Amino acid sequence: MLTLASVEVSRDLSVAKVYYSLLDAGEHKETQAALERASGFLRRQLARQMNTRSVPQLRFFYDDSAERGAMMSALIADAVATNTTNDDESGEGAAENQSADQD
């Protein structure tokens, strides 16, 4: 499953950078090749819809930000789960520090 994440068009409308993401990241290379092969067809379809003199050249880029975000979330969750700080230990240390301050 392919999702268009964003499209950036140059000021002169000559180039459009199309960023896409995939449900299965393992199909990245095959999808990139298929999009490049379909570029001419997609440009013809755009030409029918656009009221401009020229249609931008399409350049496709894989957007892995969702994957990187999920990886960062997993790393954070793992760090929280393996946190060795124990609330009981920190409570005892605080009580000892208070009694030392009073002496």
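Summary table
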item: Answer from V18, V80 - the residue that is touching a strand residue (DSSP E or B) at 6+ places or on another chain (Cβ under 9 Å) and among the aliphatic types (A, V, I, L, M); result: V18
item: Some residue of region 49-66 being in a helix (DSSP H, G or I) and modelled with pLDDT of 90 or more; result: yes
item: The one condition in (1) open to solvent by 50 Å² or more (accessible area, probe 1.4 Å); (2) outside any helix (DSSP H, G or I); (3) at pLDDT 85 or above that A74 fails to fulfil; result: (2)
item: For Y19: the one exception among (1) surrounded by fewer than 12 Cβ atoms within 10 Å (Cβ to Cβ); (2) aromatic (F, W, Y); (3) closer than 24 Å to A66 by Cβ; result: (1)
item: Matching residues, region 35-48, being in a helix (DSSP H, G or I), open to solvent by less than 80 Å² (accessible area, probe 1.4 Å) and not polar (S, T, N, Q); result: L35, G40, L42, L46, A47
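The values are calculated or read from the model by the stated rules, or taken from the named source; none is laboratory data. Treat the numbers as computed from the prediction; the structure is a model and nothing was measured. Cβ sites come from the backbone with ideal geometry, for glycine too, and all protein chains shown count toward neighbours. Only protein heavy atoms, including side chains, enter the accessible area calculation; ligands, DNA and RNA are left aside. Shrake-Rupley method; radii C 1.70, N 1.55, O 1.52, S 1.80 Å.
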